[in-house]
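**Student:** Following this message is one structure expressed as structure tokens.
Each value in this text was obtained by applying a stated rule to the coordinates, not by laboratory testing. Values in this document were obtained by computation on a predicted structure and should not be read as measured data. Cβ coordinates were reconstructed from backbone atoms using ideal geometry, including for glycine residues, and neighbour counts include every protein chain displayed.
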Amino acid sequence: MKKKLVVVGNGMAPGRALERLLESDPDSYEITIFNAEKRVNYDRILLSPVLSGEKKFEEIIIHGDRWYEKHNIALVKGRKVISIDRVNKRVTAEGGMIADYDKLLIATGSSPFILPIPGNELPGVLSYRDLDDVQAMMIAAEQGWKNAVIIGGGLLGLEAAAGLKTRGMDVTVLHLPSILMERQLDLTAGHLLQRELESRGIKVITNANTTKIVGDGKVEAIELEDGSRLDADLVVMAVGIRPNSELGKQAELDVDRGIKVDEKLRTSDPDIFAIGECVEFEGSVYGLVAPLYEMANIVAMELLNEDNNGFSNSVLATKLKVTGIDLYSAGDFSEGEEREEIVLRDGANGIYKRLILQDDKIIGTVLYGDTSDGAWFFQLIKDGTDISEMRDTLIFGPAFAGGSPLDPMAAVAALPDNAEICGCNGICKSAIVSAIADKNLTSLDDVRAHTKASASCGSCTGLVEQLLVLTLGDTYDPAAVQPMCGCTDLGHGDVRRLIVADGLKTIADLMQALQWKSSGGCAKCRPALNYYLLATWPGEYVDDGQSRYINERVHANIQKNGTYSVVPRMWGGMTSSKELRAIADVVDKFEIPAVKCTGGQRIDMLGIKKEDLLAVWSDLNDVGLVSGHAYAKGLRTVKTCVGTDWCRFGTQDSTGFGVRLEKFLWGSWTPGKVKLAVSGCPRNCSEATCKDIGIVCVDSGFEIKFAGAAGLDIKGTEDLCHTSTEDEAFEIIVALVQHYREQGHYLERIYKWARRVGNDSIKAAVVDDTVNRKALFERFVFAQKFSQSDPWSERVSGAEAYEFNPMSEIKLGEAAE
Amino acid sequence: MTTEIWKDVGALCDVPRQGARIVETSFGRIAVFKTANDDIYAIEDKCPHLGGPLSQGIVHGAHVTCPLHNMVIELKSGRAVAPDEGCVLTLPVRIDERRILLDFSKFGEKAA
């Protein structure tokens, strides 16, 4: 007589196991399947295409009714097995139906995890697990329900979101972590994905903790921890799964999170096997299909007494099934000791590829935009292949693997004359080569000026440089363009130009579009990028505090011992007894160890503990003292002399003009620090002729000077112009600052900027061209709307409070005493 | 072997991304970092170069640049990135229910 096999559950794992079993020996068992669902076996992975309308249910059926008939399998639909009698080897299903077994296979799968929050049982709250859920969603969309909220931005949640959007609903995804699909993606890929979803009209809210679902008789809205409320007609929970292990518990098998199995997929009863999402193996539970199919194969071999290697925890790969989004990740991609990364970014085509290497092996990969090499990388991960031989070309995939690294010069030399080099401007190789030869061009900028090649998006810069080398030989020095840092080959000027040309508005966008070579930049480029974006998109770009040096982050100057110094603004160097008294009181109250007059006509309090900063500022704010920005790449001081107010030689109100300038310019961020001085006569007591911008008042008006230096370099100012009125001088100075804000490279002081672009070009832009001057002035005024708020009072009133206090204090007493 | 001393030092969300918070102890400060990928690392808040407060530096990748003289420290190992040399103490980190726990056994031992 044939042995009896009873299978509980008719999902994908047991389906695969039976296929494998029947292939090897169709007559080994008499098979009975109990299925709680009233359907045949279908491909759950393809539920998303059904939801989005790309597939019909019939197309995702794996085994139709005829398959069971053909193999003489008794399929019992719609009957849930409720108990196992292990002594008599018999299962009982709902309605009293019983079946005897020699071997039992439990594959009860998993249930969606439902958040334990109020309102989770309201009609309109769904999970995303089986065809019933999908049909409910389709009906909701057809009936014109408007707002769908998906809780959970993992694989399933996002697929549900995309499907519901395709069906015309307004979709919002709420995700608790800060990165979508955080278990599969790194920051950059998560960001690209979020952008793509948002561009399709799906709203994504990260760090969103749902606290409550509200509604009267049906879902109406959901509430988040931060108090916000979203309208919702449909709520889909896709926050994870829980193994269905009740049957195992009832039968008193070993059960923890799931039904425990050994590597042969045997439960604690040797005649009972379990596979699929209901099992727990070495502490892990499984939800992806690859390991479930592996289990299915092994259990089939066990049932047939075939030799096998058993199941093991292995590396997993994930792909998102949303049409038009190519996303693939596998292995371990966190950063760490002795791990290296290879990053390829192709901004124009929206491609991001990252390989994580350790000991000459790939241990993880994240691919976005082009996932065609995913399978190849995954194989290299699983096989632990030594990749040192092909490392140089590895990121380009199998097409280049193992080949010798390409000689880029040879490749460029081999290009035909009509090969297009610059796609933006349609410039071919021969046009560039002949321009270099005929017009004696020697630099990239020359080529850009004469041919426009690489002058737009800049992505062909490398090719153009190689053509320069080919044409000019050693006389061309490509190092003439200094890259910003190790994260890019682009210089500061290129980056600034491309931010404007390509409309790049966030650091993440910029790194992707300009193909940054590191995943998150470095301490050199991040502050520069933050400034460039802030200066280019005032009011739009949100300042990234974590990309600023500590001094600008906490609005004080860090000292060698980790304490801080604080310098309040004294407009034009003027102060009063009230301010001085407040400073004296603060010094006493906080036991500030040193007080010093600065070179910029104000007072510096040194040695303040970071925890005291807020209280110090609060006391200073009370008498109207605000931050002097003594730490900023921005306006520092405007030194003045006493001018016509007091001085017998004074020709103009130098103090008043200095105060006017300082009150107008303060708070603005600039590439490097900016120091001004106004002297009331040519005796120049405020030393205006070594400042970034200096004004020397004369009887006939104002001499404006700029580009002085008195630090690392010492240099007298250059003459800019003479004006007869203070208002005209004022407008020119403001325009000059704005011109510098728009052109300067980060950390480049005005004298270096002027040396680079030429004094004459600056004069032409801010003195001679009065229309341009007015435009610069207006742009500065606009930018100031967003920057003139006292950072001290903002922080006293609570901004970034975490910066100033320890997170906790831990007592570690006993061991040391 | 020293017994592990796990202590809860705060919530995951207390530490800003690409930033750090300080934990005060009787033996000195610990800097707890969160990277852009939300990985958490804890190291002694003291640069091996001249003792700068690493917690105040710019965090990039799994590294921090010291605010005083730009030495770059790898957060996981506590080692300075070549060509610089030096190492700071690292503390084992565990995340439990969105809380950050640190094992202070190495730190206490060193201080004692």
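**Student:** If R₀ is 45 angstrom, what is the calculated FRET efficiency for the pair A:Phe396 and A:Ala799, using the beta carbon separation as r and rounding to 0.05?
**Tutor:** 0.45
**Student:** Specify which residue in the list A:Leu441, A:Val6, A:Gln738 is farthest towards the positive end of the charge dipole of chain A, using unit charges on the beta carbon of Lys, Arg (+1) and Asp, Glu (-1), about the Cα centre.
**Tutor:** Of the candidates, A:Gln738 comes out farthest on the positive side.
**Student:** Counting pairs on different chains as well as pairs 8 or more places apart, how many Lys pairs in segment A:413-539 have Cα atoms under 27 Å apart?
**Tutor:** 8
**Student:** Could you pull out every whole DSSP H run in chain A that spans at least 20 Å of Cα extent along its own axis and averages -1.0 or higher on the Kyte-Doolittle scale?
**Tutor:** Membrane-span-like by this rule: A:289-303, A:726-743, A:770-784.
**Student:** What full-extension length gain, to one decimal in nm, is calculated for A:Glu340 and A:Cys721 as 0.36 nm per residue of separation minus the Cα-Cα distance?
**Tutor:** Contour length minus the Cα-Cα distance gives 131.7 nm.
**Student:** Working out 0.36 nm times the residue gap between A:Asn305 and A:Asp102, then minus their Cα-Cα distance, what length gain in nm do you get to one decimal?
**Tutor:** Going from the current span to full extension adds 71.7 nm.
**Student:** Report the FRET efficiency, 1/(1 + (r/R0)^6), for A:Glu591 and B:Ser26, where r is their Cβ-Cβ distance and R0 is 25 Å, rounded to 0.05.
**Tutor:** The pair A:Glu591/B:Ser26 has a calculated efficiency of 0.70.
**Student:** Collect residues whose amide H, placed 1.01 Å from N in the peptide plane, falls under 5 Å from the amide H of A:Gly364; neighbours closer than 5 in sequence don't count.
**Tutor:** A:Asp332, A:Ile356
**Student:** Another question, if that's okay. Below 15 angstrom from the Cβ of A:Leu441, what's the summed charge of the other residues (Lys, Arg +1; Asp, Glu -1)?
**Tutor:** Charge balance near A:Leu441 sits at -1.
**Student:** What is the sum of charges around A:Gly119, taking Lys and Arg as +1, Asp and Glu as -1, for the other residues whose C-beta is under 11 Å from the C-beta of A:Gly119?
**Tutor:** -2
**Student:** Moving to a separate point now. Do any trypsin sites (Lys or Arg not before Pro) in segment A:587-684 lie in a loop, going by DSSP, with at most 16 other beta-carbon atoms within 10 Å of their beta carbon, and if so which?
**Tutor:** A:Lys609, A:Arg648, A:Arg683
**Student:** While we're looking at this one, here's another question. Give the long-range amide H neighbours of A:Cys428: residues separated by 5 or more places, or on another chain, with amide H under 5 Å away, using H modelled in the peptide plane at 1.01 Å from N.
**Tutor:** A:Ile421
**Student:** Between A:Asp383 and A:Glu142, what is the spin-label point distance in nm, taking each point 7 Å from the Cα along the Cα→C-beta axis?
**Tutor:** 4.9
**Student:** Right, something else. Once phi is turned into θ = phi - 60°, what whole-Hz ³J(HN,Hα) does the Karplus curve with 6.51, -1.76 and 1.60 give for every residue of segment A:236-251, x standing for Gly and Pro?
**Tutor:** 10, 8, 9, 10, x, 10, 10, x, 7, 10, 4, 4, x, 5, 4, 8
**Student:** Test of understanding: what is the full-extension gain from A:Ala710 to A:Ser518, defined as 0.36 nm times their sequence separation minus their Cα-Cα distance?
**Tutor:** 65.5 nm
**Student:** Between A:Asp130 and B:His69, what is the label-to-label distance in nm when each label sits 7 Å out along the Cα-to-Cβ direction?
**Tutor:** 6.8
**Student:** Right, next: Hey, got a sec? Which GluC sites (Glu not before Pro) in segment B:1-73 land in a DSSP loop and have at most 15 other Cβ atoms within 10 Å?
**Tutor:** B:Glu4
**Student:** Given points 7 Å out from each Cα along the Cα-Cβ axis, report the A:Asn349 to A:Trp376 separation in nanometres with one decimal.
**Tutor:** 1.3
**Student:** Separate question: When DSSP assigns beta bridges and you keep just the ones with both residues in chain A, what percent turn out antiparallel, to the nearest 5?
**Tutor:** Taking every DSSP beta bridge within chain A, about 65 percent pair in antiparallel fashion.
**Student:** Could you run the Karplus curve 6.51 cos²θ - 1.76 cosθ + 1.60 with θ = phi - 60° over segment A:61-69 and give me ³J(HN,Hα) per residue in whole Hz, x for Gly and Pro?
**Tutor:** Those phi angles translate into 6, 8, 10, x, 3, 5, 4, 5, 4 Hz.
**Student:** Further, regarding this structure: Quick one: Karplus J couplings for segment A:692-704, per residue in order, coefficients 6.51, -1.76, 1.60, θ = phi - 60°, nearest Hz, x for Gly and Pro?
**Tutor:** With coefficients 6.51, -1.76 and 1.60, one gets 4, 9, x, 10, 10, 6, 10, 4, 8, x, 9, 8, 9 Hz.
**Student:** Here's another thing I want to ask about it. Please compute the contact order of segment A:635-784 in relative form: average sequence separation of alpha-carbon pairs under 8 Å and at least six residues apart, divided by the residue count, as a percent.
**Tutor:** 19
**Student:** Another one. Non-local amide H neighbours of A:Met484 (under 5 Å, H modeled in plane, Pro and chain starts lacking H): which ones?
**Tutor:** A:Leu490, A:Gly491, A:His492
**Student:** What relative contact order, as a whole-number percentage, does chain A give when Cα pairs under 8 Å and 6 or more residues apart are counted?
**Tutor:** It rounds to 6 percent for chain A.
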